[in-house]
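Please treat every number below as a calculation from the coordinates, not as lab data. On a predicted model such as this, the values are computed, not experimentally measured, just so you know. Here the Cβ positions follow ideal geometry from the backbone for every residue, glycine too, while neighbour counts run over all protein chains shown.
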């Protein structure tokens with residue numbers, strides 16, 4: 001005769017076994033990922049990374065790295081999905097940014113300066129460089145610069161309203177025919 005206590009013990013053992021299996025699968029996945037990250041790149045893969053950082057065009061990068069013209073897009077997707085290639089590309093991009101001394105502060109400062117410069121009134125000159133008494137400013141450039149800054153600061157978030165203004169009670173009453 002099987003008692004409730006026996007069933008509880010079996011359920012508990014099944015849960016413990018399932019947790020052990022999940023932990024083992026997680027450990028296996030982590031080990032495989034670590035192995036993939038440490039796997040050295042082939043010369044073609046390294047060349048693909050070098051080509052990718054030029055313009056982020058996968059098909060062109062695959063072709064130029066020597067992977068062949070047919071199926072270049074598919075090959076680029078496969079390569080970009082490899083963890084060791086993704087890490088190498090990120091590392092190359094980081095080093096390029098460091099060498100060029102480009103960081104978020106530089107970009108934001110440059111955008112702000114461009115916007116302010118676009119707001120300045122510039123005198124219109126003739127072909128000899130003499131002012132003709134009219135002034136212009138670059139409204140489109142100023143708007144774009146400030147739009148970019150606003151997006152960075154999340155000033156222009158588009159909030160979508162889901163649902164209705166009606167209360168649940170009102171909706172229920174309508175459904176019930178009252």
Once you treat every alpha carbon in the range 4-99 as an equal point and sum by Debye, what is log10 I(q)/I(0) at q = 0.11, 0.13, 0.21, 0.24 Å⁻¹? -0.49, -0.57, -0.99, -1.13
If you take the beta carbon distance between residue 39 and residue 7 as r and set R0 to 45 Å, what does 1/(1 + (r/R0)^6) give as a FRET efficiency, to the nearest 0.05? 0.40
Return one number: the angle in degrees, 0 to 90 and rounded to the nearest 10, between the long axis of the Cα atoms of helix 139-152 and the longest principal axis of the Cα atoms of the chain. 30
Distance between modelled label sites at residue 109 and residue 28, nm, 7 Å Cα→Cβ extension: 5.2
Give me the extension gain from residue 101 to residue 152: residue separation times 0.36 nm, minus the current Cα-Cα distance, reported in nm with one decimal. 16.4 nm
Tilt, helix 43-55 to longest principal axis of the chain (alpha-carbon atoms), in degrees rounded to tens, equals 50
Which peptide among 82-95, 143-156 comes first, and what is the full order, when sorted by highest mean count of other Cβ atoms within 10 Å? 82-95, 143-156
Quickly rank 121-133, 62-74 as a protection proxy: mean count of other C-beta atoms within 10 Å, highest first. 62-74, 121-133
